[in-house]
Amino acid sequence: MKIPNNWQQSCIVSSMLRKTFIFIFYFSIFTLHAQVKADDILGNWTTVENSVSVKVYRLNNEYRAKVTWFDERLGSGKPMNLRHDTQNLDPELRKRKVIGMEILEGLKFNPATSSWENGTIYDGSSGRYWDSSVTLNKDGTLKVRGYWKVKWIGKSLIFRRVNPGTFKKL
């Protein structure tokens, strides 16, 4: 039985198209997945434990975060609007309110690592500042790492994106 020439050519073209489609499909998945933009962290975030919420914003070329809500049952039990930064090592800063307080500053986006680096994070429970970095996880959560000199000596918090109105409902 003889197979016509057009049929062989059509199979070859079909195979090439299939391989091209598969290549484009895989390339687009990896490209879209790997593309993290500098402003992807902007917005409102809360810890997965619902203990504190922050607003991440950009000022010039640096990313910062300030406290917008926290669980009043934690710490002294005073209402949010009456709490001050009492643990700060600087006596002058002990008078500032926790709500609205900047706790993260100096982050710069590094496109090579798709992360925000070289920041400083403030730990209100100890009154100390730590180096910090932020990464956006595949599941859309935000990993904020506070560390001392090297990233493996530190602590991480995981945040999820929320709408601003959610804070009072938590």
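The values are calculated or read from the model by the stated rules, or taken from the named source; none is laboratory data. Since we're looking at a predicted model, the values are computed, not measured. Cβ placement follows ideal geometry from the backbone for every residue including glycine, while neighbour counts extend to all protein chains displayed. Heavy atoms of the whole protein, side chains included, go into the accessibility calculation; ligands, DNA and RNA do not. Shrake-Rupley method; radii C 1.70, N 1.55, O 1.52, S 1.80 Å.
Among the listed pairs LYS37/LYS149; LYS55/LYS97; LYS78/LYS143, which have their C-alpha atoms separated by more than 19 angstrom in this model?
LYS37/LYS149; LYS78/LYS143
Between LYS97 and SER51, what is the label-point separation in nm under the 7 Å Cα-to-beta-carbon projection?
Each label point is offset 7 Å from its Cα along the Cβ direction, giving 2.3 nm.
Going 7 Å from the Cα of ARG128 along its beta-carbon direction, which residues of the stretch 75-98 have the amide nitrogen within less than 13 Å of the resulting point?
89
Report the extension gain between SER114 and LYS143 in nm, rounded to one decimal, defined as 0.36 nm multiplied by the number of residues separating them, less their alpha carbon distance.
Using 0.36 nm per residue and subtracting the Cα-Cα distance, I get 9.2 nm.
Give the accessible area for SER156 in Å² (nearest 10); use a 1.4 Å probe, count only protein heavy atoms, and leave out ligands, DNA and RNA.
Approximately 40 Å² of SER156 is accessible to the 1.4 Å probe.
Each label point is 7 Å from the Cα along the Cα-to-Cβ direction; what then is the distance between the points at ILE153 and ASP39, in nm?
3.8 nm
DSSP loop (so not H, G, I, E, B), at most 11 other Cβ within 10 Å: list which GluC sites (Glu not before Pro) in the stretch 48-130 pass both filters.
GLU49
Can you give the accessible area of ASP139 in Å² (nearest 10), computed on protein heavy atoms with a 1.4 Å probe?
In the full protein context, ASP139 sits at about 120 Å².
At what distance in angstrom do the alpha carbon centres of the stretch 128-166 and the stretch 85-106 lie from each other?
19 Å
Among the trypsin sites (Lys or Arg not before Pro) in the stretch 102-170, which ones are in a DSSP loop with at most 16 other Cβ atoms within 10 Å of the Cβ? Mind listing them?
Those satisfying the criteria are LYS138, LYS149.
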